[in-house]
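Working notes, structure below.
The values are calculated or read from the model by the stated rules, or taken from the named source; none is laboratory data. Remember, it's a predicted structure, so these values are computed and weren't measured experimentally. No Cβ is skipped: glycine too gets one built from the backbone with ideal geometry, and neighbour counts run over all protein chains shown.
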Amino acid sequence: MHVGSRIRLYRKVKHYTLTDLAERIHKSKATLSKYEIGEITVDVETLFDIAAALGITVQQLIDYYPAAGEEPEASGDSFFPQRRIYVYFYDGRVKKIIRNLLEVNREGAAPSATLYYDLNSFDKPESCRNLYFGKAEFFDTVSNFMFESQSNHSERVTLTALNPFDRSTEVLGMLSGMSRYPLLPISIKCILSEEILTEDDQLHEDLILNPKDMKLIRKLNMFAVEQF
C-alpha cells in the first residue's frame, strides 16, 4: 500500500493520468490502478520500469516509514529523533505562514528526505504545491538537507539547521533556493519543530525578520539568523 501511494503521488506530480503511466510501463490501466491502491503487489522489474517512467529512483517508491510508536531510536548526532519534522516560514509575497512537512528516512548508509512544500493540511501531504526529494546529512552540530524538485529537476533547495543542544522542540533554520517570483536566489528564515505549531501572532512574530536579525545581517553582510 505504501509503494502504491508513492506511485500515485509521483504520477500526479508529473501530471500523468493512469492511462499515461500505464502506457509507459506497458501495463493496463486497471493493473496500474490496483498497484496504486495496494490491491496487488508490484514485482521488482515493474518497480524499476515505473521509477524510470516517472524519472525517479526506486528508493523514492520504497521509502517505507513505520507506524507511530515503531520508530527506531535515533543516533546521538541525528536531528530530531522522529521521521516527521514540521517546517514553517513566513512568505511576504503572499503575506501568510507557509507550512511544510519534512520526512526523514535514516535507514541505510545514505539517509534521504522528502519535503512536502506548502501544504493546506499536514493530514494530506500529497496535496502539497511542490514536492522535493533528496539527501540528508547529520553532524554533531548541524543537519543539512539537499533537495531536487520532482517537477523541475533544475530546481534545487537546501535546508540547514543547527541541532538542538537541549531538548528544545523547535530550532531556527535556513531554507535556500531560487524564487520563481521574483526570479531571485533567496534564503528564508524558518522554524523546524517536532510538533505541529499553532499558527498565531506569536509564530508570525518568530518567523519574520526582526530588528535583531537585521542588525546581524548588516554587521556580517550576509543573511543569518540567531537561535531563540
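Key figures for this structure:
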| item | result |
| --- | --- |
| Pick from region 29-56, criterion touching a helix residue (DSSP H, G or I) at 6+ places or on another chain (Cβ under 6 Å) and not in a helix (DSSP H, G or I), ranking: nearest to L131 (Cα to Cα) | I56 |
| Boolean, S121 is part of a loop (DSSP other than H, G, I, E, B), hydroxyl-bearing (S, T, Y) and modelled with pLDDT under 90 | no |
| Residues of region 119-134 satisfying the condition of being without any contact (Cβ under 8 Å) to a residue 40 or more places away in the chain and surrounded by 14 or more Cβ atoms within 10 Å (Cβ to Cβ) | L119, P125, C128, N130, Y132, G134 |
| Residue in region 142-162 that is closer than 20 Å to Q60 by Cβ, touching a helix residue (DSSP H, G or I) at 6+ places or on another chain (Cβ under 6 Å), in a strand (DSSP E or B) and assigned by TED's automatic domain parsing to the domain that holds I188 present | no |
| Conditions (1) assigned to a loop (DSSP other than H, G, I, E, B); (2) surrounded by 20 or more Cβ atoms within 10 Å (Cβ to Cβ); number of the one not met by E107 | (2) |
| Search result, residues across region 196-210 that are free of Cβ contacts under 8 Å to residues at least 12 places away in the same chain and assigned to a loop (DSSP other than H, G, I, E, B) | T198, D200, N210 |
| Hits in region 211-228 - residues which are in a helix (DSSP H, G or I) and over 22 Å from N163 (Cβ atoms) | P211, M214, K215, I217, R218, K219 |
